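Heads up: the structure comes next, in structure tokens.
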Amino acid sequence: MNITSKVTYKIIRDVLLSKEFTQIGIKNRTGYSKGQISKVVNWLITRKFVEKRDRNYYLIDPTALISVFPLFRNMNELLVSRIPLRGEKEKILENLPNKSVLCLDSALDKYSRYYRSSRICIYHEKPELVKNTFEPYSGGIIDLEVYHPDMDLKEDVENGFTSKLRTVIDMTCDGKTYVAKDLFEQLWGIKFG
């Protein structure tokens, strides 16, 4: 099962955010058919990410479920361009084109108490537009990384940033799960040593 496909991802996203759920609840929130939901939930049960108790289902291992995402997506493959820019990070952020969504390090900067990065990471539907806008200013030390959004972002954007859940998934797909430890605690109460 490809967990990054549109329908499967939205169902898994709902499970990860709900922690305790029913299939009817997922149907009401997503609008998907009982058959589609049942197929995904059964897959989650057979892999021991979810278990059923009485009438409800419970997410029992969110970290293991998150760790499956890199099997289906790699942030390096979604990277359209990396432009080393001159100037101050704040000024670059102010001049990003409309519909830019800050992701990866840039989203984590917002959510984490400790993590700070010098790179700027964005999703944009028209990465060539961003590339053409910023390439004349290349030659600096701040990397602007432009990614093509492969999974639906509509429900994963909050005030121009990827949501906490999407940021955890993206950081994991970038091989940097460890820097998102604050988000694991905020989302599921999981503390890393």
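List of remarks:
- Residue within the stretch 84-93 that is within 22 Å of the chain's Cα centre (by Cα), of a type outside the set (D, E, K, R) and assigned by TED's automatic domain parsing to the domain that holds Leu183 present: yes
- Scanning the stretch 62-95 for residues that are in a loop (DSSP other than H, G, I, E, B) and at pLDDT below 95 turns up Arg86, Gly87, Glu88, Asn95.
- Screening Pro136 on (1) in contact (Cβ under 8 Å) with a residue 24 or more places away in the chain; (2) out of contact with any Asp or Glu (no Cβ under 9 Å at 6 or more places or on another chain); (3) not charged (D, E, K, R) shows it passes everything except condition (1).
- For the stretch 82-89, the count of residues that are charged (D, E, K, R), touching an Asp or Glu at 6+ places or on another chain (Cβ under 6 Å), under 30 Å from Leu16 (Cβ atoms) and in contact (Cβ under 8 Å) with a residue 12 or more places away in the chain is nonzero.
- So Leu129, is it farther than 30 Å from Asp14 by Cβ, more than 17 Å from the chain's Cα centre (by Cα) and in contact (Cβ under 8 Å) with a residue 60 or more places away in the chain: no
- Checking His148 against (1) at pLDDT below 95; (2) farther than 12 Å from Ser100 by Cα, the condition it does not meet: (2)
- Pair list, Cβ < 8 Å and 6+ apart or interchain, from the stretch 174-190 residues that are within 11 Å of Leu108 (Cα to Cα) to residues that are polar (S, T, N, Q) and outside any loop (DSSP other than H, G, I, E, B): Ala180/Thr167; Ala180/Thr172; Leu183/Thr167
- Only a single item in (1) of a type in the set (S, T, N, Q); (2) under 28 Å from Pro149 (Cα atoms); (3) surrounded by fewer than 16 Cβ atoms within 10 Å (Cβ to Cβ) is not met by Asn56, and it is number (2).
- Single residue of the stretch 41-61 satisfying the filter (free of Cβ contacts under 8 Å to residues at least 24 places away in the same chain and either of a type in the set (Asp, Glu) or assigned to a strand (DSSP E or B) (or both)) that is farthest from Gly175 (Cα to Cα): Asp54
- Residues (of a type in the set (Asp, Glu) and more than 11 Å from the chain's Cα centre (by Cα)) located in the stretch 143-172: Asp143, Glu145, Glu158
- Just one residue in the set Lys6, Lys10, Lys19 is closer than 22 Å to Asp156 by Cα, loosely packed, with under 14 Cβ neighbours inside 10 Å and either of a type in the set (A, V, I, L, M) or touching a residue at least 60 places away in the same chain (Cβ under 8 Å) (or both); that residue is Lys6.
- Restricting the stretch 97-118 to residues that are modelled with pLDDT of 95 or more and assigned to a loop (DSSP other than H, G, I, E, B), the residue that is farthest from the chain's Cα centre (by Cα): Ser100
- Residues of the stretch 101-143 that turn out to be under 21 Å from Ala180 (Cβ atoms) and surrounded by 14 or more Cβ atoms within 10 Å (Cβ to Cβ), as a count: 20
- Some residue of the stretch 64-83 being closer than 30 Å to Pro136 by Cβ and more than 20 Å from the chain's Cα centre (by Cα): yes
The values are calculated or read from the model by the stated rules, or taken from the named source; none is laboratory data. Everything numeric in this text was worked out from a predicted model, so none of it was measured. Glycine also receives a Cβ, built like all others from the backbone with ideal geometry; neighbour counts cover every protein chain displayed.
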